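All remarks here apply to the structure that follows.
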Amino acid sequence: MTTAAPRPVHPDGMPDTFDVVVQPASELRGSLRAQPSKNYTTRYLLAAALSEGEVRVIGVATSEDAGAMLRCLADWGAGVELIGEDAVIRGFGARPRAGVTLNPGNAGAVARFLMGVSVLTEGTTFLTDYPDSLGKRPQGDLLEALERLGARVSSDAGRLPISISGPVRGGTVDNKLEVSAGKSSQYASALMFLAPLLPGGLELRLSGDIKSRAPLRQTLDTLAAFGVKATASADLSRIDIPGAQTYSAGRVTVPGDYPGSAAILAAAALLPGEVRLSNLREHDLQGEREAVSVLRQMGADIQRAGDVLTVRGGRPLNAVTRDGDGFTDAVQALSAAAASASGTTTWENVLTLRLKECDRISDTRRELEKLGLYVTETGDSLSISGAPSIAGGVTVDGQGDHRMIMLLTLIGMRAQSPIRITGAHHIRKSYPQFFRHLETLGASFEYVPTEP
């Protein structure tokens, strides 16, 4: 008699791979502390590794993206020690180890930031075990900029696998370098991390319709926290970073995460009850902070006292039309509120949503249609007509996308019958405790193990 091998269990105590069955919820009530910011965690960790000494990054995210950055930095020669909720990094400065193959998993920003810095080596190769997600995302604009600096680059038509080799000089003419920001701001951020370590620095000129300015400001904020001087025009089309600088910071503290918290705030607004969410700075540079304003505009009752937001849920919501480019990582969560609002909500200028872990415009439309909602799209917009009730009782596809899983979970919580979301383990990319946090507020889920 043979015994079947046990299914893998993830360190968080949940199945390694699983679907989630979302039960209808009557109310949400309680208090949570917002998880650490994914975007700031990855930036602080990279800046710490580019430092010459030791840096303690206080309160790092536990997401897969943070893990990918830590793994790649260690492979590159940084000392990495996790102490409680902190990470102590012993940096390699401007000398990452050469001849290394890095696998950033499915972390697009991590891959791009590291590609920018990789020209400090005489050869780094980038691979991914997510060929149908990160493997399909374009990197060409960044690679072209690196080639103009003198790097030697090989790729699969601008996609992974990619090999990059330095050394490089400063900018092409008087240290000026143009990079397209029409598809992603991450290309420019990658060059911003590199610039202070080049002898002549870089005068970056961002071309195209600049997308997602808030993350660029987060990168500038990170440079400042590590003692790096930089100046930028008001519209961020010009960013000047002198060369021959060093990264230095003894301790930095990661702020709370607004993109993930947008989902908790939206859930709290949708259902009766009262939820308090702390660790969210009022004047934070994360663009997804705007989710608070959007939910208020829709009619949600949200009050702030310092870094604590209190949501009194269950109020009727109304549709809005907003330019979503400044808060792209909150659009999916806010779409759950739109699905309950009176009227049709439109997110405009969100073309970059098509270039994420999935196509967050077309794939959102298809999954919401399975739930009975009326959804339309254009090349760069998404419109959702709210419904007074959702029948549920269907299976929807999480599309391997953490933000999509958040959206479908929130809608499932207000459905009349349970819904099943496939591939729900991908929530770990940005918010590993998402389901557990909702459970502490009164939500109920069933975790169904699946084959890896």
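The values are calculated or read from the model by the stated rules, or taken from the named source; none is laboratory data. As the structure is a computational prediction, the values presented were derived from the model and not from experiment. Quick reminder, even Gly has a Cβ in these numbers, built from the backbone with ideal geometry, and neighbours come from all protein chains shown.
Numbers at a glance
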read-out	value
Lone qualifier among T345, T352 - being touching a Ser or Thr at 6+ places or on another chain (Cβ under 8 Å), hydroxyl-bearing (S, T, Y), crowded, with 17+ Cβ neighbours inside 10 Å and at pLDDT 95 or above	T345
Residue list for segment 414-439, restricted to those being of a type in the set (V, I, T) and either touching a strand residue (DSSP E or B) at 6+ places or on another chain (Cβ under 6 Å) or surrounded by fewer than 24 Cβ atoms within 10 Å (Cβ to Cβ) (or both)	I419, I421, T422
Filter result for R312 (touching a strand residue (DSSP E or B) at 6+ places or on another chain (Cβ under 9 Å) and under 16 Å from I384 (Cα atoms))	no
In segment 1-44, residue farthest from the chain's Cα centre (by Cα) [restricted to those that are of a type in the set (G, A, S), at pLDDT 85 or above and farther than 30 Å from V252 by Cα]	S26
Which listed residue, of I390, I411, I384, is under 21 Å from M298 (Cβ atoms), touching a Lys or Arg at 6+ places or on another chain (Cβ under 8 Å) and buried (at least 20 other Cβ atoms within 10 Å of the Cβ)	I390
Residues of segment 144-163 satisfying the condition of being in a helix (DSSP H, G or I) and crowded, with 20+ Cβ neighbours inside 10 Å	A145, L146
Exclusive hit being surrounded by 22 or more Cβ atoms within 10 Å (Cβ to Cβ), farther than 17 Å from A109 by Cβ and outside the structural domain of G314 (by TED's automatic domain parsing), set I58, I89	I89
Options R29, R97, R43, R112: the member that is assigned by TED's automatic domain parsing to the domain that holds L197 and surrounded by fewer than 22 Cβ atoms within 10 Å (Cβ to Cβ)	R97
Any hit, segment 417-434, residues being touching a helix residue (DSSP H, G or I) at 6+ places or on another chain (Cβ under 7 Å), at pLDDT 95 or above, among the aromatic types (F, W, Y) and outside any loop (DSSP other than H, G, I, E, B)	yes
Residues of segment 69-115 classified as modelled with pLDDT of 95 or more and assigned to a helix (DSSP H, G or I), total	13
I390 being in contact with a Gly (Cβ under 6 Å, 6 or more places away or on another chain), of a type in the set (A, V, I, L, M, F, W, C) and under 22 Å from L295 (Cα atoms)	no
Residue list for segment 343-354, restricted to those being within 20 Å of the chain's Cα centre (by Cα) and either assigned to a strand (DSSP E or B) or among the hydrophobic types (A, V, I, L, M, F, W, C) (or both)	W347, E348, V350, L351, L353
Qualifying residue in segment 175-183 (condition: modelled with pLDDT of 90 or more, small (G, A, S) and assigned by TED's automatic domain parsing to the domain that holds E122)	no
Segment 223-254: number of residues that are within 20 Å of R95 (Cβ to Cβ) and within 21 Å of the chain's Cα centre (by Cα)	1
Of all residues making up segment 208-230, the number that are closer than 16 Å to L46 by Cβ, surrounded by 19 or more Cβ atoms within 10 Å (Cβ to Cβ) and not hydrophobic (A, V, I, L, M, F, W, C)	4
Search result, residues across segment 355-364 that are surrounded by fewer than 20 Cβ atoms within 10 Å (Cβ to Cβ) and either of a type outside the set (A, V, I, L, M, F, W, C) or not in a helix (DSSP H, G or I) (or both)	D359, S362
Among (1) part of a strand (DSSP E or B); (2) closer than 14 Å to P388 by Cβ; (3) not acidic (D, E) - the single one S340 does not satisfy	(1)
Strands (runs of 3 or more DSSP E) contained in segment 231-332 and holding at least 2 residues in the same structural domain as F92 (by TED's automatic domain parsing) and either on the phi > 0 side of the Ramachandran plot or surrounded by 15 or more Cβ atoms within 10 Å (Cβ to Cβ) (or both)	238-241
Any hit, segment 164-179, residues being buried (at least 20 other Cβ atoms within 10 Å of the Cβ), in contact (Cβ under 8 Å) with a residue 60 or more places away in the chain, under 26 Å from the mean Cα position of the chain (by Cα) and assigned to a loop (DSSP other than H, G, I, E, B)	no
